[in-house]
Amino acid sequence: MEQPDWNEKPLRELMRHIVRRHHGYLRVALPEVHGRMQRVFAAGGGQAAERPLGRVFAEMWDEMDLHLEKEETILFPYIERLEAAREAGLGIPAARSEWGENPLGLMEDEHASAIAAMETMRRLAGGYEGCAHHGELMAGLEDLRLDLRVHIHLENNILFPRVRRMM
């Protein structure tokens, strides 16, 4: 399936795509991967990797929930206002003060944290290779990792640089 050239499309279209495709995917995939993980834990009889793997996953899930909410309720609406102001030849609209001076940098830091968590989980999940549900868990983690890679690419390498050029 051919993707649009997101460097040329309006930012609001790119953000809608990110919310529909990638945020929507995460809201479905995270509970599914959690279920797969629980089946592995139940079959594994309490292996030593269970607590760290479960903890890293829970922390990443919590961080992603908050991250998606910040993007959808604060950052993306601001970017839409910024794009509309630029199209109308107006000045830059004020950003929310609690974001500090570098809201895009904050989002990039959260992206890096999610990538690191995915790598840690992949390593920890390898300890369950003998479990009948291991393949399902690894497939779910890999699908999650691949989608996050595309999602983060769209934001870090296309959306955020375009926004920075507008500011």
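Which of the three applies to segment 4-93, rounded, prolate or oblate, going by the alpha-carbon gyration tensor with a ≥ b ≥ c and a/c under 1.5 meaning rounded? It comes out prolate by the Cα gyration axes. Note on Leu106 and Arg20: the extension gain reaches 28.8 nm, defined as 0.36 nm multiplied by sequence separation minus the Cα-Cα distance. Relative contact order for the chain: 40 percent, from Cα pairs under 8 Å spaced at least 6 residues apart, divided by residue count. Here the translational diffusion coefficient of the chain follows from Stokes-Einstein with Rh set to the Kirkwood radius across Cα pairs; for 25 °C and 0.890 mPa s it amounts to 141 µm²/s.
A simple charge model with +1 on the Cβ of Lys and Arg, -1 on the Cβ of Asp and Glu and nothing else charged puts the dipole of the chain at about 80 debye relative to its Cα centre.
Taken together, the values in this text are just the output of simple stated rules run on the coordinates, not laboratory data. These numbers were taken from a predicted model, which means no experiment stands behind them. Quick reminder, even Gly has a Cβ in these numbers, built from the backbone with ideal geometry, and neighbours come from all protein chains shown.
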